[in-house]
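S.K.: Input: one structure, supplied below.
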Amino acid sequence: MATDREHDIVLLGATGFTGRLVAAHLGGRAPEAARLALAGRNQQGLGHVAATLDREVAVVPVDAADTAALERLAASTRVLATTVGPYSRLGAGVVSACAEQGTDYLDLAGEPCFYDLTYLRHHEQACRSGARLVHACGFDSVPHDLGVQFTVEQLPEGVAIDVRGYLKAHGTISGGTLASALEVMSAAPRGAALAIARRLVEPAPTGRRVSPAARKVGRSRDTGRWAVPMPTIDALVVARSARLCQRYGPDFRYSPFLAVGTASRAGALALGTAAMFAAAQVPPVRHRLQALRPPGTGPDQERRQRSSFSLRLYGEGGGMQALAEVTGGDPGYGETAKMLAESALCLAFDDDLPIAAGQVTTASCMGPALRRRLQEVGIQFSTVEHF
Ligand SMILES: NC(=O)c1ccc[n+]([C@@H]2O[C@H](COP(=O)([O-])OP(=O)(O)OC[C@H]3O[C@@H](n4cnc5c(N)ncnc54)[C@H](OP(=O)(O)O)[C@@H]3O)[C@@H](O)[C@H]2O)c1
């Protein structure tokens, strides 16, 4: 890792709703000597964000469409964290620049099509340059990725492992998150083609198997309550961790569910998702939906303080069972900002990380070191039962 670069960490997208929260967390938690920079397309806005921090930070104007400027930005820093989304529309050049320059890259992408695209285009290059490309460093998918790893650690080694996760979350979404969700839904056929293309080239782990998540809506045998499979990026990220880490055993499966309680709620959720998916296919309807929550806006501090999440993880393997839990405050923004900022600090400053390069995950390239950091800032990982 180059230490002669101008910055330790660059935050790209620091003027956005989530970016401002990430900047505040980074500013408060980075070591005094850390060389931080805020980047984005609006120099004046960056100056305002920088002025709210209690330390010196550099300000770098750059547009995500300017390839040459992105190359210079990536070459100037050891770690680049970006909140410029929707990533499928705005993020490809940033990943490309980091893979070329050997710069560690982190984002908040919950967009499976982007995840697969960057694997296909940039994984090999990043392996050669030494860059760690870590997607989904927010609520998508840190609680799942690190929580499943924590659950696996409670079970014996060298055995088949099955983990089911049940998420309860209360909170509202930002304009940027809505834009990304609509982008993913409207590009579903392309996403499916990218997923197939990736499956054809991504090597399977030797002598081990990682099975796809269970996809059945119904009453859970773990909780006795209704649960709906989550169509999010989380299962993909955890499967990647399982492929990268021997410790997940010879036959591994993770199935994430939304814990909804009753059959009528499960039905309403399934119908609501289908209606949103249909609406996203029609451009004028999609634009009207987006106008309900414009980019740059999101839940205010009072709303965020009332928000929380818990993820219960039921693991089984080698005749043993483990029940673990990950809990925290406002999932989408308050805790997401901590997760991205702590991931950036972990890659930049923690020296007990495994050697890794290419498209990796929070669990495979940071694991317990990031978990420790998140515990320090109030995101709890605990064992409920172990038998
Ligand atoms: N669950 C999760 O893990 C999670 C949680 C939160 C957010 N996210 C994701 O994070 C992303 C950001 O969300 P948000 O609500 O913070 O969005 P936002 O408020 O709209 O912020 C977007 C940021 O991108 C910048 N930007 C847009 N186009 C640009 C360009 N061409 N060049 C440079 N910068 C550009 C914006 O700059 P300006 O200020 O100049 O417009 C702004 O700083 C979304 O993709 C969202 O889905 C994921």
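The values are calculated or read from the model by the stated rules, or taken from the named source; none is laboratory data. Worth saying up front: this structure is predicted, and the values here are computed from it rather than measured. Glycine also receives a Cβ, built like all others from the backbone with ideal geometry; neighbour counts cover every protein chain displayed.
S.K.: I'm checking my understanding of the structure. Among residues of region 217-255 that are within 24 Å of the chain's Cα centre (by Cα) and among the basic types (K, R), which one is farthest from L155 (Cα to Cα)?
M.R.: So, considering only residues that are within 24 Å of the chain's Cα centre (by Cα) and among the basic types (K, R), the one farthest from L155 (Cα to Cα) is R240.
S.K.: On to the next question. Restricting to region 156-172, what's the tally of residues that are surrounded by fewer than 22 Cβ atoms within 10 Å (Cβ to Cβ), modelled with pLDDT of 95 or more and small (G, A, S)?
M.R.: Residues meeting the conditions: 2.
S.K.: Tell me the residue from F277, F309, F257 that is closer than 25 Å to A195 by Cα and assigned to a strand (DSSP E or B), please.
M.R.: F257
S.K.: Here's another thing I want to ask about it. Among the residues of region 1-26, how many are touching a residue at least 12 places away in the same chain (Cβ under 8 Å) and either away from the ligand (no atom under 16 Å from the Cβ) or of a type in the set (A, V, I, L, M) (or both)?
M.R.: So the count comes out to 17.
S.K.: Right, next: Among the residues of region 194-210, which ones are more than 21 Å from the chain's Cα centre (by Cα) and either modelled with pLDDT of 95 or more or exposed (fewer than 11 other Cβ atoms within 10 Å of the Cβ) (or both)?
M.R.: First, the residues of region 194-210 that are more than 21 Å from the chain's Cα centre (by Cα): 196-197, 200-201, 203-209.
Correct list: I196, A197, L200, V201, P203, A204, T206, G207, R208, R209.
S.K.: May I pose another question? Considering only residues of region 35-54 that are small (G, A, S) and surrounded by fewer than 18 Cβ atoms within 10 Å (Cβ to Cβ), which is farthest from V94 (Cα to Cα)?
M.R.: First, the residues of region 35-54 that are small (G, A, S): 37, 39-40, 45, 47, 50-51.
This time we only want the ones that are surrounded by fewer than 18 Cβ atoms within 10 Å (Cβ to Cβ), so: 47, 51.
Details: G47: 22, A51: 26 Å.
Across region 35-54, the extreme among qualifying residues is A51.
S.K.: A further question follows. For A179, state whether it is part of a loop (DSSP other than H, G, I, E, B), on the phi < 0 side of the Ramachandran plot and surrounded by fewer than 23 Cβ atoms within 10 Å (Cβ to Cβ). First the steps, then the outcome.
M.R.: Values: part of a loop (DSSP other than H, G, I, E, B): no; on the phi < 0 side of the Ramachandran plot: yes; surrounded by fewer than 23 Cβ atoms within 10 Å (Cβ to Cβ): yes.
Judged against the criteria, A179 is not a match.
S.K.: Still on this structure, please answer the following. From the set of residues in region 367-387 that are touching a strand residue (DSSP E or B) at 6+ places or on another chain (Cβ under 8 Å) and modelled with pLDDT of 95 or more, which is farthest from S308 (Cα to Cα)?
M.R.: Initial filter on region 367-387 (touching a strand residue (DSSP E or B) at 6+ places or on another chain (Cβ under 8 Å)): 371, 374-375, 378-387.
Cutting the leftovers down to modelled with pLDDT of 95 or more gives us 371, 374-375, 378-382.
Values: R371: 18, L374: 15, Q375: 15, G378: 12, I379: 11, Q380: 12, F381: 14, S382: 16 Å.
Checked region 367-387; the qualifying residue farthest from S308 (Cα to Cα) is R371.
S.K.: Which residue pairs have Cβ atoms closer than 8 Å, lie 6 or more positions apart in sequence or on different chains, and pair a first residue in region 288-301 that is over 17 Å from T83 (Cα atoms) with a second residue that is more than 9 Å from the ligand (Cβ to nearest atom)?
M.R.: Going by the 8 Å Cβ cut-off, the qualifying pairs are L289/L182; L289/M276; L289/A279; L289/A280; Q290/L182.
S.K.: Would you point out which residue out of H170, H122, H135, H144 is over 16 Å from the mean Cα position of the chain (by Cα) and within 16 Å of the ligand (Cβ to nearest atom)? Let's see the steps before the verdict.
M.R.: Values: H122 fails: within 16 Å of the ligand (Cβ to nearest atom); H135 fails: over 16 Å from the mean Cα position of the chain (by Cα); H144 fails: over 16 Å from the mean Cα position of the chain (by Cα).
On inspection, the qualifying residue turns out to be H170.
S.K.: Tally time: how many residues in region 286-325 are among the acidic types (D, E) and within 16 Å of the ligand (Cβ to nearest atom)? Can you show your working first?
M.R.: If we filter region 286-325 for residues that are among the acidic types (D, E), which is where we start, we get 300, 302, 316, 325.
Applying the additional criterion that residues be within 16 Å of the ligand (Cβ to nearest atom) yields 300.
Qualifying residue count, region 286-325: 1.
S.K.: With (1) of a type in the set (S, T, N, Q); (2) surrounded by fewer than 20 Cβ atoms within 10 Å (Cβ to Cβ); (3) within 10 Å of the ligand (Cβ to nearest atom) as the list, and T67 as the residue in question, which single condition is left unmet?
M.R.: (3)
S.K.: In the list G91, G47, G102, G110, which residue meets the criterion of being within 14 Å of the ligand (Cβ to nearest atom), assigned by TED's automatic domain parsing to the domain that holds M339 and farther than 24 Å from L146 by Cβ? Break it down into steps so the answer makes sense when it comes.
M.R.: Numbers: G91 fails: farther than 24 Å from L146 by Cβ; G102 fails: within 14 Å of the ligand (Cβ to nearest atom); G110 fails: farther than 24 Å from L146 by Cβ.
Result: G47 is the single residue among G91, G47, G102, G110 that is within 14 Å of the ligand (Cβ to nearest atom), assigned by TED's automatic domain parsing to the domain that holds M339 and farther than 24 Å from L146 by Cβ.
S.K.: Out of contact with any helix residue (DSSP H, G or I) (no Cβ under 6 Å at 6 or more places or on another chain) and crowded, with 24+ Cβ neighbours inside 10 Å - does that describe any residue in region 363-373?
M.R.: The answer is yes, given that some residue of region 363-373 is out of contact with any helix residue (DSSP H, G or I) (no Cβ under 6 Å at 6 or more places or on another chain) and crowded, with 24+ Cβ neighbours inside 10 Å.
S.K.: With respect to A97, determine if the residue is surrounded by fewer than 23 Cβ atoms within 10 Å (Cβ to Cβ), assigned by TED's automatic domain parsing to the domain that holds H25 and within 15 Å of the ligand (Cβ to nearest atom).
M.R.: In short, no.
Rundown of residues vs (1) of a type in the set (D, E, K, R); (2) under 23 Å from L269 (Cβ atoms); (3) in a helix (DSSP H, G or I), yes/no style:
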residue	(1), (2), (3)
Q149	no, no, yes
E157	yes, no, no
L167	no, yes, no
A197	no, no, yes
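S.K.: Could you tell me whether region 348-359 includes any residue that is within 14 Å of the ligand (Cβ to nearest atom) and buried (at least 17 other Cβ atoms within 10 Å of the Cβ)? Walk me through how you get there before you give the answer.
M.R.: First, the residues of region 348-359 that are within 14 Å of the ligand (Cβ to nearest atom): none.
Checked region 348-359: no residue is within 14 Å of the ligand (Cβ to nearest atom) and buried (at least 17 other Cβ atoms within 10 Å of the Cβ).
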